[in-house]
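Peer 1: First the structure, then my questions, so here it is.
The values are calculated or read from the model by the stated rules, or taken from the named source; none is laboratory data. It should be emphasised that the depicted structure is a prediction, and the values quoted were computed from it without experimental measurement. Backbone-built Cβ (ideal geometry, glycine too); neighbour counts: all protein chains shown.
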Amino acid sequence: MPRKSTVTALLPPADLRDLNEMIGSGRYTLDGLVEWLAERGFTLSRSALHRHGIDVRKVAEKLQQSREVTQALVAELGDAAAQGKQGRLLVEMARSIVFDLLMKLQTAEGDAPALTPMDVAMLGKGLAELGRALRYDQDFETKIREQVEKETKKAVAAEVETVAKEKGLSADTVKAIKSRILGVKVPS
């Protein structure tokens, strides 16, 4: 098991985040980073910073890979699965799973099993099934909303008829109320 990085052990989270962003940007040299850290009162060797930079770039590369795999999975799931709260949750879940898997593979020992194309295909298939289930759920909710709306319009239209008779409203007024307010098409 490799020892803990002196950079992550020494720096507080806010400074570590800033350092990682600076490394990720690629605009700073090792000497520039050492100088930036020295201004904040931290003394780190160039080699420790270089090792940390390699780790940061590996993580960034794995994150990019996980984004690409997630985009491919989303393409397979279809647009409907990526819409709404549940769809966004599914996409985030897929991204998280893929990223965790890639990180475990990176840190695994030599005898650890490698990620096979079959593993990726099975993950994709499982997520596609989950996406289809989410779409069925969305379709069911839409049908329920449509049914409730239809029943509500019917009940309100009947109430308009009742009130119209009580108040002596003309048939044209009732027809106008139903068509303009309720959106109910009234035969001429």
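Peer 1: In region 22-46, what count of residues is obtained for those that are in contact with a Leu (Cβ under 9 Å, 6 or more places away or on another chain) and loosely packed, with under 14 Cβ neighbours inside 10 Å?
Peer 2: 4
Peer 1: Just the residues that are of a type outside the set (A, V, I, L, M), modelled with pLDDT of 85 or more and surrounded by 11 or more Cβ atoms within 10 Å (Cβ to Cβ), please, taken from region 2-18.
Peer 2: Across region 2-18, the qualifying residues are Asp15, Arg17, Asp18.
Residue-by-condition table, conditions (1) farther than 30 Å from Glu92 by Cα; (2) touching a residue at least 12 places away in the same chain (Cβ under 8 Å):
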{"position": "Leu130", "(1), (2)": "no, yes"}
{"position": "Arg135", "(1), (2)": "no, yes"}
{"position": "Gln138", "(1), (2)": "no, yes"}
{"position": "Ile144", "(1), (2)": "no, no"}
{"position": "Glu149", "(1), (2)": "yes, no"}
{"position": "Lys153", "(1), (2)": "yes, yes"}
{"position": "Val156", "(1), (2)": "yes, yes"}
{"position": "Gly168", "(1), (2)": "yes, no"}
{"position": "Ala171", "(1), (2)": "yes, no"}
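Peer 1: A further question on this structure: Name the residue, out of Glu61, Glu76, Glu21, that is at pLDDT 75 or above, part of a helix (DSSP H, G or I), within 29 Å of the chain's Cα centre (by Cα) and under 30 Å from Gly131 (Cβ atoms).
Peer 2: Result: Glu61 is the single residue among Glu61, Glu76, Glu21 that is at pLDDT 75 or above, part of a helix (DSSP H, G or I), within 29 Å of the chain's Cα centre (by Cα) and under 30 Å from Gly131 (Cβ atoms).
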